[in-house]
Amino acid sequence: MSSADWWALFAHFLAMSMLAVGGAVAVAPEIHRYVVEQRGWIDDTQFSAAIALAQASPGPNLLFVPVVGHAIAGLPGALVALAGILIPSTTLALTASRWGQKRRETRGVRAFVAGMAPVTIGLLLSAGTVLTAPLARQPVALLLVGVTVLLSAKTRIGPVWLIAAGAAVGAAGWV
Amino acid sequence: MSAGAPGAADEPGGGACISDAESPPSPRAPHEVLVAFNALALKGFGGVLPVAQHELVDKRRWLTHEQFLETLSVGQVLPGPNIVNMALMIGDRFFGWRGAMAALAGLLLAPLAIVLALAMLYARFGTEPVAAGAIRGMGAVAAGLIFAMGVKLAPTLRKNPLPIALCAGAALATWGIVGFLRVPMAWAVLGLGGAMVAIGWLRLGRAP
């Protein structure tokens, strides 16, 4: 990593922070596009592993960001990525929360929430697509994706059990 | 109204017995905020929001259900992860920026250490066939979980003030553009999102 690369990494996550209106997972497709497709810093496997590790750990899903940073450039990479994704939104949340609290029933804020909701859903489906695309030629993995969608959407089974089941299926060599 | 609150909608109203007249207990010092957020972060597998509601409203009673919902709806409008924004606002409510930082540290530090330890194990042993297989399986499930988040939020579009067909169209267009064409997300968010917010602005102005 050159110092220009470090700045690019930091700047990318700064920008992602401001775009993450639907949560950190909503910007996963864009992080993938940049760090995997454009920069080639890590590959699909490492990116999927970062998401999987974050989902398997306790705490907010946003922690996939430092794991991506770790895969790119070790511990310093993890800290730079985390600082990048936190600083802009944190600053804004602290300065704007009181402002927003008073205006949440106003036309502008309601229009924002109403207009962004469908886009957020589209971004979540995109994140799923980006993670599924590398599995296109692996029928068992695709089946695992499909079964997870069904169980997660139709039952109240906790995600940690599904992740554990996925790990077991994979460790057995079926995926 | 709810842009990203799957947890808030299907959570039972467990705190209904708590009377509003009673003043809720408050944390006495920032470190209590840190401890509380640390505890709820470590309990939150695959989503911290439902745990946060249980811990902060039902158990510790620092917030009423109404205050929790208020904080959530503001946290959603702001960029950044909802739970991080909520933690900042709740910490800020009690102890200003020191409380906000305590909440953020409590929410992130221990889970960060855990996930980075896992990442290091993965970097070390990720090429072992069994570990690589397990991670591939977990990755497929992770993809499914994220799809399911989108699927579970889709019915909330029926309550959206914008027509359902328009909402569905915008969601599908975003999916196609970002998920399949892999167009930079800023274009989709600023273009489609901007257009949708503008339409929302016009419609909300007409209908009372």
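What follows draws every value from the coordinates through simple rules; no lab data is involved. Remember, predicted model here, so these are calculated numbers, not experimental data. Heads up, the Cβs are rebuilt from the backbone with ideal geometry, glycines too, and the neighbour counts pull from every protein chain shown.
Quick check on the exposure proxy: order A:Thr90, B:Thr127, A:Thr45 from fewest to most C-beta atoms within 10 angstrom. Walk me through the intermediate numbers first.
Details: A:Thr90 21, B:Thr127 9, A:Thr45 16.
Ranked by crowding around the Cβ, least crowded first: B:Thr127, A:Thr45, A:Thr90.
Enter the Cα centre distance for the pair the stretch B:63-85 and the stretch A:58-108, rounded to the nearest angstrom. Centre-to-centre distance over Cα atoms comes out at 14 Å. Karplus-based coupling profile of the stretch B:197-202, in residue order and whole Hz: 5, 5, 4, x, 4, 5, with θ = phi - 60° in 6.51 cos²θ - 1.76 cosθ + 1.60 and x standing for Gly or Pro. Charge dipole (Cα centre; +1 on Lys/Arg Cβ, -1 on Asp/Glu Cβ; no other charges) of the protein assembly as shown amounts to roughly 660 debye.
Taking all Cα-Cα distances within the stretch B:160-208, those exceeding 12 Å account for 63%.
Rounded to the nearest 500, the helix-only mean residue ellipticity at 222 nm of the protein assembly as shown stands at -23000 deg cm²/dmol, with each DSSP H run of n ≥ 4 adding -39,500 (n - 2.57). Taking a quarter of the surface of the Cα convex hull of the protein assembly as shown gives a mean projected area of 18.3 nm². The relative contact order of chain A comes to 24 percent, based on Cα pairs under 8 Å that sit 6 or more residues apart. The trypsin sites (Lys or Arg not before Pro) of the stretch A:115-158 that meet both conditions, a loop assignment by DSSP and at most 15 other Cβ atoms within 10 Å of the site Cβ, are A:Arg137, A:Arg156.
Based on the Kirkwood radius over alpha-carbon pairs, what is the Stokes-Einstein translational diffusion coefficient of chain A at 20 °C with 1.002 mPa s viscosity, in µm²/s? Result for D is 121 µm²/s.
Remark: chain B projects, on average over all directions, an area of 15.0 nm² (convex hull of Cα atoms).
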